[in-house]
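Remarks on the structure that follows.
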Amino acid sequence: MKKKKWLGVAMTAALAIGSLAGCAEKESGSSTDDGGKSNKITYWAPFSGADGPRMKEIVANYNKSQDKYEVDLQIIPQTDYYKTVDLGFSGQKNAPDLMIMHTDQLTNYAEKNLLKDMTDTIEKNGVNAEDYSDTAWQGGTIDGKQYTIPLDIHPLVMYYNKDMFKAAGLDPEKPPTNREEFVAAAKKLTDESKKQYGFVVPTLWPNQFIYPTVFFQNGGELLKDGKPNYNSPEGVEALTFLRDLVQKDKVSPANVQQDGEVTLFLQGKNAMQLNGPWMMEQWDKAGINYGVAPVPTLGTKQQAVYANGHNFAIPATVKDSKKLEGISDFLKYVGDNTMEWAKSGQAPASKAIYEQNEEFKKMVQQPQVAKEFEYAKFAPRVANWGQISEPLWAEVNLALLGKKDPQKALDDANKKAEQIMKK
């Protein structure tokens, strides 16, 4: 699934939350709500892209595998997903029994007591933390309470054109792993006379993944002591590096429009691209001879990569014990049977898949994604991150366009974010 509108989604989710807290005590999704059919589980997911058929197949296979429970998957378009979730929590629409929650959205809902603490349910029904990536599991933990069971982590990855590497005299089986190698390769791969570039720097999406990755690799924190920390030395260095790829190293054209880097990659004019695992199907359809690798350490201090994740969550109003047993049974099944999900390009967070499944290990992209699990980092644990981060992306854009100095841009982003947090 191509997640191009994280900011809009995040802001949408924040709008209705304030009025929803009082709804948490209202029971819904219990056995009396569906005519006594406590074995029926309504499941909402935003998988309206290429990943939708994969999840449908998983649900269908689960329903065929046993006759005690029936999972009813309802796919809601990504653009409308959190609006619909908010309507469900507010009582204006029947809420689901089980739902997908993005990691960067979790705090918005957990802080308002709208999600069930799954700790007891997990303990009673044999879902084990040890069976999942620790990074993914901790992504669903707030103040010692477990609010989600992970489905996947989707971090930034590096795609590169193997044919362009060969033509430039670079080994297509040895992509760059650090800043020095990356910049050197990008220069070799750039030929301005052919309008061919080593790394096309996007000024808009997916900089919401790229800039934080370099920031984290510099050892930085987007929020520090609960306050925006965008204009820290680590942040300024990260933005200066990205800007210099355009203005100093000249391995990228300037003023790249939305999806410009994607278009050039498809045309064989952009040798390296940082994007998400959801791009795999597009590259495959285009017939590009591409490679996939973990993001190089473009920062100065450590391996790190920005990521988001899909997780299973249960509304706090679901209290029927039989229904909760059914949800746990389904989640255990998903943990052991998500190879279908991996076919969409994602790396499931279940160790039964990414550590033990031989078919998974032979895939081209997915094992590279899983390599990044250990050092993946999520959005700060704060409500309304979408609103708080919006000034950052706007100012990063201005700096990359050459309209503002990186320090000035991040100073302005910090001030605007502080104002938002004071409201």
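The values are calculated or read from the model by the stated rules, or taken from the named source; none is laboratory data. These figures come from a predicted structure and were not determined experimentally. Virtual Cβ from ideal backbone geometry, glycine too; neighbours counted across all protein chains shown. In case anyone asks, the SASA skips ligands and DNA or RNA and just uses the protein heavy atoms, side chains included. Shrake-Rupley method; radii C 1.70, N 1.55, O 1.52, S 1.80 Å.
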#### Entry: Residues of region 123-141 classified as at pLDDT 95 or above and β-branched (Val, Ile, Thr), total
2
### Residues satisfying the stated conditions in region 332-342, i.e. surrounded by fewer than 20 Cβ atoms within 10 Å (Cβ to Cβ) and either without any contact (Cβ under 8 Å) to a residue 60 or more places away in the chain or under 12 Å from residue 121 (Cβ atoms) (or both)
332, 336, 339
### Task
Looking at (1) more than 17 Å from residue 140 (Cβ to Cβ); (2) open to solvent by 60 Å² or more (accessible area, probe 1.4 Å), find the lone condition where residue 111 falls short.
(1)
### Message
I'd like to check something: does region 273-293 contain any residue that is within 24 Å of the chain's Cα centre (by Cα) and farther than 30 Å from residue 348 by Cβ?
### Response
no
### Task
Looking only at region 235-258, count how many residues are on the phi > 0 side of the Ramachandran plot and free of Cβ contacts under 8 Å to residues at least 24 places away in the same chain.
0
### Query
If you go through region 240-248 one residue at a time, do you hit one that is under 23 Å from residue 372 (Cα atoms), at pLDDT 95 or above and not hydroxyl-bearing (Ser, Thr, Tyr)?
yes
### Query
Pick from region 345-373 the residues that are acidic (Asp, Glu) and over 15 Å from the mean Cα position of the chain (by Cα): which of them is nearest to residue 302 (Cα to Cα)?
355
### Given (1) closer than 21 Å to residue 50 by Cβ; (2) within 14 Å of the chain's Cα centre (by Cα), index of the condition residue 342 fails
(2)
### Task
Say whether the condition of being polar (S, T, N, Q), in a loop (DSSP other than H, G, I, E, B), surrounded by fewer than 24 Cβ atoms within 10 Å (Cβ to Cβ) and at pLDDT below 95 is met by at least one residue in region 47-62.
yes
### Hits in region 135-152 (condition: touching a residue at least 12 places away in the same chain (Cβ under 8 Å) and either open to solvent by 10 Å² or more (accessible area, probe 1.4 Å) or touching an Asp or Glu at 6+ places or on another chain (Cβ under 8 Å) (or both))
135, 136, 137, 142, 145, 146, 147
### Summary
Within region 63-76, the count of residues that are out of contact with any helix residue (DSSP H, G or I) (no Cβ under 9 Å at 6 or more places or on another chain) and either touching a residue at least 24 places away in the same chain (Cβ under 8 Å) or on the phi > 0 side of the Ramachandran plot (or both) comes to 1
### Message
Consider region 186-216. How many of its residues are in a helix (DSSP H, G or I) and open to solvent by 10 Å² or more (accessible area, probe 1.4 Å)?
### Response
7
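Does region 229-252 contain at least one residue that is loosely packed, with under 15 Cβ neighbours inside 10 Å, of a type in the set (S, T, N, Q) and farther than 13 Å from residue 271 by Cα?
Going residue by residue through region 229-252, those that are loosely packed, with under 15 Cβ neighbours inside 10 Å are 233, 247-248.
From what's left, of a type in the set (S, T, N, Q): 247.
Filter again for farther than 13 Å from residue 271 by Cα, leaving 247.
Taking every residue of region 229-252 in turn, at least one turns out to be loosely packed, with under 15 Cβ neighbours inside 10 Å, of a type in the set (S, T, N, Q) and farther than 13 Å from residue 271 by Cα.
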### Task
Among the residues of region 63-82, count how many are among the β-branched types (Val, Ile, Thr) and part of a helix (DSSP H, G or I).
1
### Query
Looking at residue 325, is it of a type in the set (Asp, Glu) and either under 25 Å from residue 93 (Cα atoms) or surrounded by 23 or more Cβ atoms within 10 Å (Cβ to Cβ) (or both)?
yes
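Examine region 380-396 for a residue that is among the aliphatic types (A, V, I, L, M) and in a loop (DSSP other than H, G, I, E, B), and state whether such a residue exists.
There is at least one residue in region 380-396 that is among the aliphatic types (A, V, I, L, M) and in a loop (DSSP other than H, G, I, E, B).
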### Selected residue [open to solvent by less than 40 Å² (accessible area, probe 1.4 Å), farther than 29 Å from residue 212 by Cα and touching a strand residue (DSSP E or B) at 6+ places or on another chain (Cβ under 6 Å)] from 104, 97
97
### Inter-residue pairs, beta-carbon under 6 Å, first at negative phi and in region 82-94, second in a loop (DSSP other than H, G, I, E, B) and open to solvent by less than 70 Å² (accessible area, probe 1.4 Å), 6+ apart
84/76; 86/16; 88/95; 89/20; 89/114; 90/20
### Message
Looking at region 163-185 only, could you name the residues that are closer than 24 Å to residue 214 by Cα, free of Cβ contacts under 8 Å to residues at least 12 places away in the same chain and either open to solvent by less than 20 Å² (accessible area, probe 1.4 Å) or in a helix (DSSP H, G or I) (or both)?
### Response
180, 184
### Query
Which condition does residue 345 not pass, out of (1) open to solvent by less than 10 Å² (accessible area, probe 1.4 Å); (2) small (Gly, Ala, Ser); (3) not in a loop (DSSP other than H, G, I, E, B), if it passes all the others?
(3)
### Restricting region 358-394 to residues that are among the charged types (D, E, K, R) and in contact (Cβ under 8 Å) with a residue 60 or more places away in the chain, the residue that is surrounded by the most Cβ atoms within 10 Å (Cβ to Cβ)
372
